[in-house]
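The values are calculated or read from the model by the stated rules, or taken from the named source; none is laboratory data. None of these values were measured; they are calculated from a predicted model. Counting neighbours? That spans all protein chains shown, and the Cβs are built from the backbone with ideal geometry, glycine included. For the accessible areas, the whole protein counts, side chains as well, though only heavy atoms, and no ligand, DNA or RNA atoms are used. Shrake-Rupley method; radii C 1.70, N 1.55, O 1.52, S 1.80 Å.
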Amino acid sequence: MIVPRRVALRSLFTVAVAAFTGGALARIATAPTARPVPGDDPSGDFPGDPFDLFDEMYAGRRIQARTTPAGVPEVRVDGRPLHLMRCADGGYLTPIDHYQTYPTPLAATRAAVDELGSAPLSRLAAAHGAHPGGSPRGLHT
């Protein structure tokens, strides 16, 4: 009995899809289930990463920043993430103050701390534009 070409190709395609799907599902099943949430580290440290931009106390708050592998500054204020956005003019701004750009990540972070005053930074401040249940300025309410 000769198998038509169309049936053979369809069968081969089905076997390839099933093998790929099985391999993908096996990787998902063996992946760790618990991932750390940014900003939940009480020490405020980036585990194992040096602070190549800055790590200092400013206005009674610990501000830290490092450069990610993608070359983007990652900033924390008292251990909670602060989102920095790069502007077309080369400056930076934060969700705390959308109306002013600053020449460096340090200047933008210090301005955010000044704007926050004594209010704690919300955990949602790192998710730009998404502040369900929180204030759009990143203040913890």
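Residues in segment 57-96 that are of a type in the set (D, E, K, R) and closer than 13 Å to Leu121 by Cβ: Arg61, Arg62, Arg76, Asp78, Arg80. Does segment 107-123 hold any residues that are open to solvent by 20 Å² or more (accessible area, probe 1.4 Å) and under 18 Å from the mean Cα position of the chain (by Cα), and which are they? Of everything in segment 107-123, just one residue is open to solvent by 20 Å² or more (accessible area, probe 1.4 Å) and under 18 Å from the mean Cα position of the chain (by Cα), namely Arg123. Taking the criterion of being open to solvent by 50 Å² or more (accessible area, probe 1.4 Å) and either more than 18 Å from Ser118 (Cα to Cα) or in contact with a helix residue (DSSP H, G or I) (Cβ under 7 Å, 6 or more places away or on another chain) (or both), the residues of segment 48-66 that qualify are Gly48, Asp49, Pro50, Phe51, Asp52, Leu53, Asp55, Tyr58, Ala59.
When segment 76-93 is filtered for residues that are farther than 15 Å from Phe54 by Cα and either open to solvent by less than 30 Å² (accessible area, probe 1.4 Å) or without any contact (Cβ under 8 Å) to a residue 24 or more places away in the chain (or both), the ones remaining, listed by number, are Arg86, Cys87, Ala88, Asp89, Gly90, Gly91, Tyr92, Leu93. Gly138: at pLDDT below 90 and crowded, with 19+ Cβ neighbours inside 10 Å, yes or no? Criteria met by Gly138.
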